[in-house]
Amino acid sequence: MSEFTSNIISWENIKIENTNFGNNSAKQDICGFLLGYAEQKGSLDILDLGCGNGSQWEWYTSRKDNYKYKLNIVGYEPYINNAANFNKKINNSIEFIYNLDNCNNKFDVVMCMSVLEHVYDRRKFLYVCHRACKLKGYAIINFDNGHFFNPKEWKRNFFGRILAKYTPIKKYYQDFVDVNIIIKMAEEIGMTFDDYIDYHVFINKKRLKLINNCVPKNKGKIIDKIQKFEKDISKLINVKDNKLIHNKFSYSSTLILKKLER
Ligand SMILES: C[S@@+](CC[C@H](N)C(=O)[O-])C[C@H]1O[C@@H](n2cnc3c(N)ncnc32)[C@H](O)[C@@H]1O
């Protein structure tokens with residue numbers, strides 16, 4: 001079992017009203033890991049790289065009192081317009097930073113949620129993850145290759161790439177993430193591979209919303225079971241190395257890297 005997976009809390013033991021992640025078990029896994037890791041360490045310093053408006057933290061910031069452990073979250077967003085509603089729509093009280101100058105070796109976890117597929121210079125991005133992590137810190141790189149199978153996104157898939165390649169405009173870029181290339185780059189930079197999980201193929205993510213209609217005491221049990229199922233399947237079919245499946249059926253993927261001493 002990877003360090004990531006073994007750190008995820010058992011949802012069964014936590015009081016869940018609504019995680020807001022009812023339709024996305026990749027996100028449930030990530031917040032389960034953050035809570036489990038925070039329990040171990042007492043508190044966590046987290047950098048949200050490519051934070052957008054920060055609404056992905058509402059599950060924590062709106063019910064801080066429900067959790068025993070403190071998450072100190074700092075958000076960074078290179079395209080400032082994408083953070084125009086930061087702490088406005090939802091008062092998250094998250095610290096927003098305008099540059100990454102003082103971020104060296106500062107964070108237990110660097111989180112990137114649905115970001116990597118939009119990043120043009122991926123090596124530079126991985127450098128930032130490495131630089132910002134404390135020793136033994138994690139970079140949790142979640143991405144969605146589903147954009148590229150959505151016919152409605154054809155303009156952005158096509159023109160975003162052309163603009164990024166031939167002009168200074170990179171903000172519309174989106175392209176496939178080939179996870180094996182990313183792992184190789186990350187290892188060259190000094191990160192170690194911990195795990196890669198594809199979320200998936202066999203579960204209809206709209207149906208996951210049904211979890212929110214269940215009796216509260218059963219929600220945790222259901223989430224635990226679904227996550228175990230998704231991870232077991234991901235391992236068995238080894239999606240990462242299976243070209244017939246890779247990038248074709250997953251709705252979300254998470255790569256977990258760790259910064260170790262060289
Ligand atoms: C789909 S949004 C996700 C926003 C947020 N993480 C969330 O979960 O809602 C992708 C974000 O990646 C950001 N982004 C693109 N290139 C980036 C880079 N090189 N470094 C950091 N963030 C980047 C974009 O500005 C955008 O806000």
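The values are calculated or read from the model by the stated rules, or taken from the named source; none is laboratory data. Note that this is a predicted model, so its numbers are computed, not measured. Cβ atoms come from the backbone with ideal geometry, glycine included; neighbour counts cover every protein chain shown.
Checking the structure you have, find out if any residue of segment 85-94 is within 16 Å of the ligand (Cβ to nearest atom), buried (at least 18 other Cβ atoms within 10 Å of the Cβ) and within 17 Å of the chain's Cα centre (by Cα). No: segment 85-94 contains no residue that is within 16 Å of the ligand (Cβ to nearest atom), buried (at least 18 other Cβ atoms within 10 Å of the Cβ) and within 17 Å of the chain's Cα centre (by Cα). Once segment 1-38 is narrowed to residues that are among the hydroxyl-bearing types (Ser, Thr, Tyr) and buried (at least 18 other Cβ atoms within 10 Å of the Cβ), the residue that is modelled with the highest pLDDT is 37. Determine, yes or no, whether residue 74 is assigned to a strand (DSSP E or B), of a type in the set (A, V, I, L, M) and within 12 Å of the ligand (Cβ to nearest atom). In short, no. Screening residue 79 against (1) of a type in the set (Phe, Trp, Tyr); (2) within 13 Å of the ligand (Cβ to nearest atom); (3) modelled with pLDDT of 90 or more; (4) buried (at least 16 other Cβ atoms within 10 Å of the Cβ) leaves a single unmet condition, (4). Of everything in segment 100-118 that is more than 19 Å from residue 34 (Cβ to Cβ) and within 12 Å of the ligand (Cβ to nearest atom), the residue that is farthest from the chain's Cα centre (by Cα) is 100. Within segment 32-43, is there a residue that is more than 11 Å from the ligand (Cβ to nearest atom), under 25 Å from residue 184 (Cα atoms), in contact with a Phe, Trp or Tyr (Cβ under 6 Å, 6 or more places away or on another chain) and not in a loop (DSSP other than H, G, I, E, B)? Yes, some residue in segment 32-43 is more than 11 Å from the ligand (Cβ to nearest atom), under 25 Å from residue 184 (Cα atoms), in contact with a Phe, Trp or Tyr (Cβ under 6 Å, 6 or more places away or on another chain) and not in a loop (DSSP other than H, G, I, E, B). Within segment 168-178, does at least one residue satisfy the condition of being away from the ligand (no atom under 16 Å from the Cβ), under 18 Å from the mean Cα position of the chain (by Cα) and outside any strand (DSSP E or B)? Yes - at least one qualifying residue is present in segment 168-178.
Each row is one residue, and each column tells you yes or no for (1) modelled with pLDDT of 75 or more; (2) of a type outside the set (A, V, I, L, M, F, W, C).
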site	(1), (2)
208	no, no
220	yes, yes
226	yes, no
233	yes, no
246	no, yes
258	yes, yes
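Look at segment 170-191: where a residue is at pLDDT 90 or above and a partner is part of a loop (DSSP other than H, G, I, E, B), sitting 6+ places away or on another chain with Cβ atoms under 7 Å, you get 170/120; 171/79; 173/120; 190/262.
Filtered by the rule that a residue be within 16 Å of residue 256 (Cα to Cα) and either free of Cβ contacts under 8 Å to residues at least 12 places away in the same chain or aliphatic (A, V, I, L, M) (or both), segment 126-168 gives 126, 128, 132, 135, 139, 140, 141.
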